[in-house]
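First the structure, in the form of structure tokens, and then the observations on it.
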Amino acid sequence: MHSLFISLLLILGSWTLSKEGSLQEYPATVPSTVAGVLMDNGVKVDDKSIFDDAWVYTCNFDLTSKDLAKFHRLRFDGLNYRADVYLNSTCLASADTTYGVFCVREFDVTKLLKKHNVLKVRLTRAHSGDLNIGFVDWNPRPADESMGIVRDVTLYETGSVAVTDLFVKPELNLDTDESADLEVRVTLRNMSRKPVNGEVRGRWAGGEFMFPVSLAASETKEVVLTPKECKNLHTAKPSIWWTRDLGKPYLYTMQASFVAGKETTDSREVKFGIRKIESRIDSHGHRVFLLNGKKILIKGAGWTDNVNLRDTHESLDAQMEHVLNMGLNTIRFENIWGKDQYIYDLCDQNGVMALVGWSCQWEWENYCGLPETDKYGCINDETTMKLAARYFRDQVKWLRNHPSVIGWMTGSDRIPNPELETEYLRIYSELDYRPYINSAKAMTSKISGKSGTKMEGPYEYVGPDYWYYDTEAGGAFGFNTETGVGANWPQIETIRTMIPESELWPLGPAYSKYCTTSSSAMNSTKMLENVVNAQYGEADGIEDFTRKAHAADYDATRAMFEAFRVNLPNTTGIVQWMLNSACPSLYWQLYDNNLTPTASYYGVKKACAPIQLIFNYKDYKVYAVNESSKDKDIKAYIKVYDAQSNLLVDTSDHVGTERRHPKAAFDLDSLRGRDIFVALRIRDGQDNFYCIPAKMTTYKFNKTNWYVTPAEEYADMHFVSDMPRAAVSYKVVESVDNLGKLWTVTLTNDSDYISYQNVLKLVRPDGSLLEPAIWSDNFVAVLPHSEKTVTCRCDRKENARVAMTGWNTDITLIPDDNTRDKSKYAEHVYGDGDKYVASARYDVPVIKEPKGKKVKNVIMMIGDGMGLEQISCAWVANGGHLYLDNFPVVGLSRTYATDKLITDSSAGGSALATGVKTRYGFIAVDEDGLPVKSILADAHERGLRTGVSVVCRIGDATPAAFCNHSISRYDEEGLAAQYLDCGADFLIGGGIKFFKDRSDGRDIVEEMKAKGYNFVDTREELAASEKLPILGLFADTEMAPALDRGPILEESAVKALELLDNDKGFFLMIEGSSIDDHCHHNQVGYAMEELFDFDKTIGKVLEWAAKDGETLVIVTADHATGGLTLLGGSLEKGEIKVNFSTSGHNGIMVPVYAFGPHSEDFSGTMENAEVANRIKAIFK
């Protein structure tokens, strides 16, 4: 991102689109395709010949005189396909030379710009023989052949020297000390006709650097900087980028500027990660990837953009949520997808690897239009090879800063011809450092050797046992770059949007158009119909067919991923074909075009859990598989039932799992030949459920072709169709937190029979599905006389209810009686407002502020979500008095974040902890993601004792801001691990889950005990503690509500004061954490109890501080929550009537109370960061 630029995308006028020669103009956005713009404007295209004509994008924009004094470059990241570009009637580029969708083009337009400007881009579509965007046969080709301005258009405004590119190449030294060296390449362009002398100045978390540079008139120069030139490009202990399943995807920001004299002529910044990615061919000829020295099994799926390139950042966010929820660690981008780099940014941020490369569209004559050459595809003539090489250069430069990108595939179904590959490799050695893969298929190049991959299918249905038995084609060995079980049948609600009601049943031609567009196979539903009928019995309608298709899909797709895990280390990668669909489809999708998951989605999610128990269909053993970052001991449970749900096996065992070394936990070979149900579970972990038939599928392995291994006879799953009826009730509890709405669903099976394939859905009032809905589990089985709880998250602000369907289940919904919202002292009346009556009020004595000016100790107390409205309500409910009344000084604090008016606890807490405002979601880092020292860290460095006491997760936003650093508040495992080195002497809170039950297998509690911490997890143990340091974790996540947990906050405050007190002084942060939670839930009773608990703790602190005389006490809030309004009530009765206007945060100012020496410094109105800065100025 530039600090000195104007973007046409964001602020320059508006775009329109028109067909050449027509007066009709359509409002347009850019990037877009012509067909996409027409769809956005409600235009139905009946005759695609309209796309044979030229179409013109027009943008009008204005500049000021100050703007025009600068230099300007106009950049197009993607024009499809042939373009004439005009700026103020001057031709910048003509279609005879300006063609090719993956070319990046840039023009110096300094002399052409005026105060009012008109930019026109005339486009014509790609034709047969052109190297266009490739949808191949996955989905129907777009009617306009993706004609449009398909990537960003940017007008850069700079001084005399522009920073046109910035690339950071990390080198992680794993063989020595895990230090890292950075190579920074800064490309400078002298826009003027005079020589310029100056210097490159850079800044990142490792420090600042500068280097002198001289540029001749109009010269472009790449400046390469290493630790040899700039010592701050070496770092001793970098934070490393990992995939999400192995650690934290840490990102750095690098800034580079050119400074001439006193003028900064231009700046650029990029995000990058420090990590080492390697790839090698193992002894079996399989390609294996290593991340930071660790071998990884690629578990991914193939991406496609929307057919008319209409993806938005919102839709990409939702799709990334799905990828993360399934536990995939890789996305394969066959076509270098994306209108901009946002999807790759999401991969960086979330620890998802990206394999990028060219589409097979250019390798088959019937798709490309150019003649095929055996094994080399269609790019063979000089003109086309030259264009492909330019594509490659521009795209490598476009994506090379992304740490998520782990390799480039220059071939898909073929390899490049030797001449072209030689040029590819020359470009690659100049520009990048990642592994290069010549093909996604098992091929050997004379230039680059073996691909180490395979692409042998299947692409059509095979049973779950196939993946274990096949040893020649797509089975579980090596690196299968694309494969799947064919039709991934959507949910019935999606089907009804695709197929007219009159043609829903029986299946027919109406369905075929939603299969693939392949002419040879997979172009109808016949295969799936055969599978369903043979395995489960003929369906009696579309609903019955759908549930049976789901059962087949779930089992087969789950087994595909599971087999590749069980067969480690002989497997190196598995990529589902595909992840998503470009348009409504029945084939190749883990979630459909509406973002609704298919059954296979949940099979993948189950299969990809970092530590899981997996049934092997070949040897009938159950394996414990561990792909977390560390070995871990687990307690494994197994139950086996016969077809009538009679229990045959019920046992458990302790299993020591090693990373990437599957271990047999149970042997079921004695049950081979019987219809059985197998239920597996890990204590405090995952479960897994299988329907295992007596008769498995038999295959014609000698008849295997490119898309399927045919079945001799399908498995007999009729015992599943004939399951006895079960009875299940389900109860739904709806709540709200910072992430949006949360539905917690508890399913209870009171019958003697297994309840199979229970499907939960989030349904709008009109019956449509609300998406994206992120379920913790779905398509679930519930065992006899047992319960199962699942959750669903959705951030859409729409009304919805949870609905449920079952395979063999009579379902009863138990209405929610809202008892969760009724506190022990509260009566909720859902009408004009909630009413709360405090029946156990407490007296408040007068505590006088001590005299004196010396500040030895500082105690900061933060009421999370505690605005003036919460305090006002509590004051009335307690009869007109609170301990807060004893504070002689009260100020006001503004809470906004740097990027959002309504802040969150991470940005708000960080400002209070560090004195630096930051972005929403950031933890103790500045806007650029660079760590900022907190008051607690500063006190620790000066030899003072320090502590934190909260009732939420100790890795939650506010406590973490005082001890840790992160660009994501949701990285709670990473934040928990940082407590090892934060130096705090007294740590009390909840969240033991993130210390002990971790995806990386670490036990942070044991590691902290090894560093000398005394660990406690009960109030009694805390009371008996006599020495520091102390780590106390009292709950799996948050502690219970105030009246249920007892006075832990008071007791921990008293214990902290006792142990932290010393001659040098201390800093202590205490948070009333759960005021916020209950205001999110609009639960006034609970919120008041939390505030009373916090206020009583304030009382204990004030009494101690008054006696000490050298302690400054500050009470404030990170923000207010709930939009709480006091509508009425009674002081005499302690009654309040309130209304909440939101379930989120609100942006009003919050109070700042001060007591003790220098309390007068905190009067008036201030920024929240100023609270910390005033403390720092006093507390020296």
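Which value results when the Cα radius of gyration for the chain is divided by 2.2 N^0.38 Å? Walk me through the numbers on the way to the answer.
Values: Rg = 31.8 Å, N = 1180, 2.2 N^0.38 = 32.3 Å.
For the chain, the normalised Cα radius of gyration is 0.98.
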Check your understanding: Size of the stretch 726-816 along its principal axes in angstrom, Cα-based, largest extent first?
Key -> 40, 25, 22
Review point. Taking amide H positions as placed 1.01 Å from N in the peptide plane, with prolines and chain starts having none, which residues 5 or more places from THR1121, or on another chain, fall under 5 Å of its amide H?
Key: GLY867, ASN1146
Practice item. For every other residue with a beta carbon closer than 12 angstrom to the beta carbon of LEU113, add +1 if it is Lys or Arg and -1 if Asp or Glu, then tell me the sum. Key: +1
Review point. From the phi of every residue in the stretch 504-513, what ³J(HN,Hα) in whole Hz does the Karplus formula 6.51 cos²θ - 1.76 cosθ + 1.60 yield, where θ is phi - 60° and glycine or proline is x?
Key: 5, 8, x, 4, x, x, 4, 7, 4, 5
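Can you give the % of DSSP beta bridges in the stretch 581-739 that are antiparallel, to the nearest 5? Kindly include the intermediate steps, with their values, before the conclusion.
Working: 36 of 37 bridges.
About 95 percent, rounded to the nearest 5.
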Check your understanding: What percent do you get for the relative contact order of the stretch 726-816 when only Cα pairs under 8 Å and 6+ apart count?
Key -> 41 percent
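So if each residue of separation counts as 0.36 nm, and I subtract the Cα-Cα distance between GLU382 and HIS718, what length gain in nm does that give? Before the final figure, lay out each step's value.
Working: separation 336, 0.36 × 336 = 120.96 nm, distance 5.97 nm.
Full-extension gain reported as 115.0 nm.
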Revision key, fill the gap. Residue-ordered couplings for the stretch 903-919, obtained by feeding phi - 60° into the Karplus form 6.51 cos²θ - 1.76 cosθ + 1.60 and rounding to whole Hz (Gly and Pro as x), are 7, 10, 5, 6, 5, x, x, 5, 4, 5, 7, 10, x, 10, 5, 8, 7
Practice item. Report, by chain and number, residues whose modeled amide H sits under 5 Å from the one on VAL161, excluding near sequence neighbours (fewer than 5 apart, same chain). Key: MET191
Practice item. Note down the nm distance, to one decimal, between modelled labels 7 Å out along Cα→Cβ at LEU648 and at ILE1148. Key: 6.5 nm
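Run lengths n ≥ 4 of DSSP H only: what is the helix-derived mean residue ellipticity at 222 nm for the chain, with -39500 (n - 2.57) per run over all residues, to the nearest 500?
That comes out to -6000 deg cm²/dmol.
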Exercise for review: For ASP544 paired with ASP899, estimate the spin-label separation in nm (one decimal), with each label point 7 Å from Cα along the Cα-to-Cβ line.
Suggested key: 5.3 nm
Exercise for review: Report the FRET efficiency, 1/(1 + (r/R0)^6), for ASN533 and GLU798, where r is their Cβ-Cβ distance and R0 is 22 Å, rounded to 0.05.
Suggested key: 0.05
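Grab the beta carbon distance between ARG280 and GLU171, set R0 = 22 Å, and tell me the FRET efficiency rounded to 0.05. If you can, show how the numbers build up before the last one.
Values: r = 18 Å, r/R0 = 0.81.
With a Förster radius of 22 Å, E is 0.80.
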Exercise for review: Return the FRET efficiency for the residue pair SER512, SER729: r is the Cβ-Cβ distance, R0 is 35 Å, and the value is rounded to the nearest 0.05.
Suggested key: 0.30
Practice item. Name the lysines eligible as straight-distance cross-link partners of LYS851: C-alpha to C-alpha under 17 Å, and not fewer than 8 places from it in the same chain. Key: LYS1107
Review point. For the stretch 151-195, list residues with backbone N below 15 Å from a point placed 7 Å from the Cα of ALA69 toward its Cβ?
Key: 158-160
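Please give me the summed charge of the neighbours of ARG332: other residues whose Cβ is under 12 Å from its Cβ, Lys and Arg +1, Asp and Glu -1. Could the numbers behind the result be given before it?
Numbers: positive: LYS299; negative: GLU334, GLU482.
Taking every Cβ under 12 Å from that of ARG332, the sum is -1.
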Study note, to complete from the structure: Phi-derived 3J(HN,Hα) across the stretch 287-297 with the Karplus relation (6.51, -1.76, 1.60, θ = phi - 60°), rounded Hz, x for Gly and Pro, is 7, 10, 9, 10, 10, 6, x, 9, 5, 10, 8
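Summing Lys, Arg as +1 and Asp, Glu as -1, what charge do residues with Cβ under 9 Å from the Cβ of MET210 carry, MET210 excluded? Mind dumping the intermediate values first?
On the way: positive: ARG201; negative: GLU199, GLU208.
Surrounding charge for MET210 is -1.
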Study note, to complete from the structure: Most exposed to least, judged by fewest other Cβ atoms within 10 Å, ILE676, ILE1070 sort to ILE676, ILE1070
Review point. Arranged by the count of other C-beta atoms within 10 angstrom, fewest first, what order do THR709, THR481 take?
Key: THR709, THR481
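Quick one: order CYS952, CYS982 by neighbouring beta-carbon count within 10 Å, fewest to most.
Details: CYS952 24, CYS982 19.
By the 10 Å Cβ count, ascending: CYS982, CYS952.
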Review point. Which of LYS231/LYS294; LYS339/LYS446; LYS731/LYS835; LYS996/LYS1176 have a Cα-Cα distance over 32 Å?
Key: LYS339/LYS446; LYS996/LYS1176
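Just need the relative contact order of the stretch 161-272 here, percent rounded to a whole number, with Cα pairs under 8 Å and 6+ apart.
On the way: 264 pairs, mean separation 33.2, N = 112.
This gives 30 percent for the stretch 161-272.
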Check your understanding: What is the set of long-range amide H partners of LEU1127 at a cut-off below 5 Å, with H atoms built 1.01 Å from backbone N?
Key -> LYS1137, VAL1138, ASN1139
Review point. With contacts defined as alpha carbon pairs under 8 Å and 6 or more residues apart, what's the relative contact order of the chain in percent?
Key: 8 percent
Study note, to complete from the structure: Between the modelled labels at THR373 and SER502 (7 Å from Cα along Cα→Cβ) the distance in nm is 5.4 nm
Study note, to complete from the structure: For the chain, percent of DSSP beta bridges that are antiparallel (nearest 5) comes out at 75 percent
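Longer than 28 Å from Cα to Cα, which of LYS605/LYS761; LYS454/LYS639; LYS630/LYS1009 are they? Say none if no pair is.
Working: LYS605/LYS761 17 Å; LYS454/LYS639 37 Å; LYS630/LYS1009 19 Å.
Beyond 28 Å: LYS454/LYS639.
If each residue of separation counts as 0.36 nm, what is the full-extension length gain between GLU1132 and ASP1061 once their alpha-carbon separation is subtracted? Before the final figure, lay out each step's value.
Working: separation 71, 0.36 × 71 = 25.56 nm, distance 4.04 nm.
Additional length available on full extension: 21.5 nm.
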Review point. Cα centroid distance between the stretch 134-167 and the stretch 1007-1031, in Å?
Key: 57 Å
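Every number in this text was worked out from the coordinates using simple rules, so none of it is lab data. Since we're looking at a predicted model, the values are computed, not measured. Glycine also receives a Cβ, built like all others from the backbone with ideal geometry; neighbour counts cover every protein chain displayed.
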